[in-house]
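Below is one structure, written out as structure tokens, with a few remarks after it.
The values are calculated or read from the model by the stated rules, or taken from the named source; none is laboratory data. Remember, it's a predicted structure, so these values are computed and weren't measured experimentally. Here the Cβ positions follow ideal geometry from the backbone for every residue, glycine too, while neighbour counts run over all protein chains shown.
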Amino acid sequence: MVDPACMKEIKLAVSNFAVPVPRKGSIETHSGYGRASDVGQEIHLQVQSRKAKLDSTYRFEVPVSHDFEFGEYLFKVSGRIDGLYETPKVKIEEIKSTFNLWDLSRKLSDPTLIHPYCLQLRTYGYFHWLKNQTLPELSFHLVSQRNGESCDVAIDLDIASYENWLKIRLEELVRETRKWEKKAAQRRKMADSFEFPFVQPRIGQVELVEQIQNAMNTKTRMLIQAPTGLGKTAGVLYPALKEALSRGQRVIYVTPKNSQHAVAEDSVSRFQDRGTRVKSLTITAKSKICFKNEPLCNPEYCEYAKDHYTKVDENGILQMLAKKRKLNSRTFRTLGQRFQVCPFELQMEAAQEAETVICDYNYVFAPRSSLGRISETPIGQKGKPNLVIDEAHNLISRTTDYYSPSLSSVVLDRMRTSLGNLPKRFRNEVELLLDSSIQTLIACRPEGTGTQSSRIDPPSEAFLSQEAELRNFLFRYLEADIEIQPKDPVLRLCNYWSEFTAALEFVSDRTREEFFTSFQPHPSGGTVKITCCDASEMLRGCYDEYENVVGFSATLKPFDYYAKLAGLDPETLKVAEFASPFPKANRKLLIIPQISTKYSERERNYPRIAETIRRIAILKQGNYFAFFPSFDFLNRTLECFNTPEGFTVLRQEKEMKIDALEKVMTHLKEGVQPTLVFAVQGGVFSEGVDYPGKMIIGAFVVGPPLPSFDLEREQMRSYYEKRYGAGFDYAYTYPAMAKAVQAAGRVIRSESDRGIIVLMDNRFIRNDYAKSMPSDWFDQNPRELVSESILREVSDFWACVDSGTIISQ
Ligand code: SF4
């Protein structure tokens, strides 16, 4: 017997406690595994309030709990009963909303299937029996999400068979708890011998590590600006991981793009090369890893969803994964094919095993994401993981985008062209649905607005009723026996509409000023758009799932702006900036304030810009980028550009295909001919890409790419002015400067790089713009970067580079 005072307490929600042993079932909305979905919450509340009004014995959201002693553990299981009738024979009721009443009621009443929902309801019944020694009635109240119809499904509670399951489940829980306790102990041990992967850290790297360690000692969140070349990925990941391991925990490492996962994977490989047994797991987006044409996760459509949980358990797949050190899409796809299970779900299930989980921002910050699973801590482990946010300057735009969807009549109209492959019986109906969707959208157009965009009230009712029409149709469509093709037009239409209405419901619930809705007219109808100016309030809650938070990037200044809009409290946040580890003499950084890219002055500046680029580029043969504020600006400058002899000119196209991008990269890499690439700031060539060695020797940054002065931006400006007292800076200056600094940062990426960076616009010398610049760009004032004799200084620079002499700036 274990002394009760020495027992280890383990807290568990009923939904995690009451599951079949072993796991059985398929991936589907009502699988009963994982976090409850938000879908149907509204219906849930409506049913509860209606029942409470009709019946005075009805109580809802009744908290219940019970402690089970088993082995050395005390399992404290708690939950909330949806509805409880305090009648002579107590009735306990769980409410479930579904699109297919018949299917769910069949599953819940099938005695051969032990559905997790039934186990959960029986657990509530068992708690009641333990307390009162009377058997309650148990029933599900099922409500259709399609038409509001409902039905009740009663289930029995046989104490003897429940206790049989209970014994097996408690034994399993003890095994699981011991397993995860052991894992936590191994991690703590790992932390003791966890060494920095480089024998000789780079300049600044030691300080970076120390600053993060100090911040984590006091649980202080951090934003770090550090340039490329400092080794910041390893410099941030190392202390974050060491601290997490010391608590038996993990690191969740998020990036804005999948293409940036490789850098983090590389860092973990270096830790592994030093003998540490840390594992990395990279999560691939569902749309990319899914084996089917469309990720429709239900057993009727997808053979990998069918009996997924049963197959994973029977084949010991999670045990196989636990033995691997690097888990990525290849691993999950191979196992998925071999055992006919879903690779996406497998990676989510295995995420607890890895010390570093590398994934997209979505898994931490997206609303309604299935994805909150990533930070869950397994039973038997304490504390929370650490969160590392790579390229954190993207956080503001990525997260406001989550809440800023739009619906366009042009996009809807274009969908008609892909209806050809649909069976005839559906085609006509989809045409009509497209018509009514466009009509619903056009009805938002305010009277007498001409071609101007205008603010409108959120059009909730009409859009939600169209949503119901579309969902009804979708349900029938998916039920029909047809082969779903990639980019299925019905799925596209329904997803397009429902993403918008989900945001609309979110916004309608709030009277907050950070959202507004606008209508932009178009000859074929128009676009309705919700704009979120500020997602900081939604982000704040996301951080609470983590013990420590570190965001880093090469452009996070001014820190105050990034902290506030990222939902981090500037009062308690620690910030740090690190200088480039490379000598200043390796680069020539100039501002040309004689050039103006202001809208009103552009026309006369296009030829000057073109000529300046030409005259500077011919001083040294090599590859250069000219980064412009927009495609229009790029094209206008290119029209008056006189290509220097021997040079090739390439240009970035809007929506460039991957092959074309790779062609440019290969061309630069081969370096056969000096080349000028005309590209845009904030695009694929100016951020998140490296140009090692002599791939480029210079960048012209033509003006800070200020967003257009349209209704949306102006509304944002007034919101920021009111909320933060810095309207123009927040709406225009800082977002533009982040892009300009990123573009400038392409040139010097390694020890051996030499190159020029030319900032062309008089706004670059202004203090409000200079606030966003790295502090090692100038000593006191950006005017230090203005040259009296540009061509001579650039020539001298290249002469020094060619002769191997070092000059100081
Ligand atoms: S394979 Fe695709 S459709 Fe099937 S369950 Fe996985 S993600 Fe869903």
Just one of T377, T282 is closer than 23 Å to K189 by Cβ, away from the ligand (no atom under 15 Å from the Cβ) and touching a residue at least 24 places away in the same chain (Cβ under 8 Å); which is it?
-> T377
Confirm whether Y724 is at pLDDT 90 or above, aromatic (F, W, Y) and buried (at least 21 other Cβ atoms within 10 Å of the Cβ).
-> no
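From the list A351, A392, pick out the single residue that is touching a residue at least 60 places away in the same chain (Cβ under 8 Å), among the small types (G, A, S) and either at positive phi or away from the ligand (no atom under 16 Å from the Cβ) (or both).
It is A392.
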Within the range 736-776, track down each residue that is surrounded by fewer than 21 Cβ atoms within 10 Å (Cβ to Cβ) and assigned to a helix (DSSP H, G or I).
-> N762, I765, N767, D768, A770, S775, D776
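Of the residues Q249, Q200, only one is assigned to a loop (DSSP other than H, G, I, E, B) and over 29 Å from the mean Cα position of the chain (by Cα); which?
Working: Q249 fails: over 29 Å from the mean Cα position of the chain (by Cα).
When all the criteria are applied, what remains is Q200.
Conditions tested, residue by residue: (1) in the same structural domain as G646 (by TED's automatic domain parsing); (2) assigned to a helix (DSSP H, G or I); (3) more than 24 Å from F797 (Cβ to Cβ).
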site: Q673; (1), (2), (3): yes, no, no
site: V677; (1), (2), (3): yes, no, no
site: D690; (1), (2), (3): yes, no, no
site: L706; (1), (2), (3): yes, no, yes
site: E714; (1), (2), (3): yes, yes, yes
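Count, please, the residues in the range 602-652 that happen to be of a type outside the set (A, V, I, L, M), assigned to a loop (DSSP other than H, G, I, E, B) and under 22 Å from E670 (Cα atoms).
Filtering the range 602-652 down to residues of a type outside the set (A, V, I, L, M) leaves 602-608, 611-612, 614-615, 620-625, 627-633, 635-637, 639-648, 651-652.
After this cut, where a residue has to be assigned to a loop (DSSP other than H, G, I, E, B) as well, the list is 620-622, 629-630, 640-647, 652.
Checking the rest, the ones that are also under 22 Å from E670 (Cα atoms) come to 620-622, 643-647, 652.
Of the residues in that region, 9 qualify.
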Of residues in the range 285-303 being part of a helix (DSSP H, G or I) and surrounded by fewer than 16 Cβ atoms within 10 Å (Cβ to Cβ), the one nearest to the ligand (Cβ to nearest atom) = S287
Would you mind stating whether A744 is over 24 Å from T612 (Cβ atoms), in contact (Cβ under 8 Å) with a residue 40 or more places away in the chain and assigned by TED's automatic domain parsing to the domain that holds A610?
-> no
Requiring at least 3 residues that are surrounded by fewer than 19 Cβ atoms within 10 Å (Cβ to Cβ), the helices (runs of 4 or more DSSP H) wholly within the range 1-120 are 41-54, 101-109
Lone qualifier among L478, L493 - being closer than 19 Å to N147 by Cα and either in a helix (DSSP H, G or I) or not hydroxyl-bearing (S, T, Y) (or both) = L478
Test: residue in the range 580-597 that is crowded, with 17+ Cβ neighbours inside 10 Å, of a type in the set (D, E, K, R) and outside any loop (DSSP other than H, G, I, E, B) | yes
Across the range 692-719, which residue is farthest from A563 (Cα to Cα) among those that are under 24 Å from the mean Cα position of the chain (by Cα) and in contact (Cβ under 8 Å) with a residue 40 or more places away in the chain?
-> E712
Among A154, A185, which is the only one that is part of a strand (DSSP E or B) and either modelled with pLDDT under 95 or among the small types (G, A, S) (or both)?
-> A154
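May I ask you to say which residue of K324, K306 is within 16 Å of the ligand (Cβ to nearest atom) and assigned to a loop (DSSP other than H, G, I, E, B)?
K306
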Just a yes or no: is a residue in the range 609-620 modelled with pLDDT of 95 or more and more than 30 Å from G804 (Cα to Cα)?
-> yes
Quick count over the range 53-77, residues being over 18 Å from Q120 (Cα atoms) and either at pLDDT below 90 or polar (S, T, N, Q) (or both), is 3
Could you look through the range 554-579, keep only residues that are hydroxyl-bearing (S, T, Y) and either surrounded by 21 or more Cβ atoms within 10 Å (Cβ to Cβ) or in the same structural domain as L785 (by TED's automatic domain parsing) (or both), and pick out the one that is farthest from A366 (Cα to Cα)?
-> T555
Filter result for I618 (in contact (Cβ under 8 Å) with a residue 24 or more places away in the chain and in contact with a Phe, Trp or Tyr (Cβ under 7 Å, 6 or more places away or on another chain)) | no
Consider A262 carefully, then state whether it is within 16 Å of the ligand (Cβ to nearest atom), under 30 Å from G231 (Cα atoms) and not in a loop (DSSP other than H, G, I, E, B).
-> no
Hey, E314 hits all of (1) away from the ligand (no atom under 16 Å from the Cβ); (2) free of Cβ contacts under 8 Å to residues at least 60 places away in the same chain; (3) exposed (fewer than 15 other Cβ atoms within 10 Å of the Cβ) but one; which does it fall short on?
-> (2)
Checked the range 503-549 for anything part of a helix (DSSP H, G or I), in contact with a strand residue (DSSP E or B) (Cβ under 8 Å, 6 or more places away or on another chain) and closer than 21 Å to Y561 by Cα; matches are Y543
In the range 57-89, what residues are among the aliphatic types (A, V, I, L, M) and either in contact with a His (Cβ under 7 Å, 6 or more places away or on another chain) or without any contact (Cβ under 8 Å) to a residue 40 or more places away in the chain (or both)?
-> V62, V77, L84
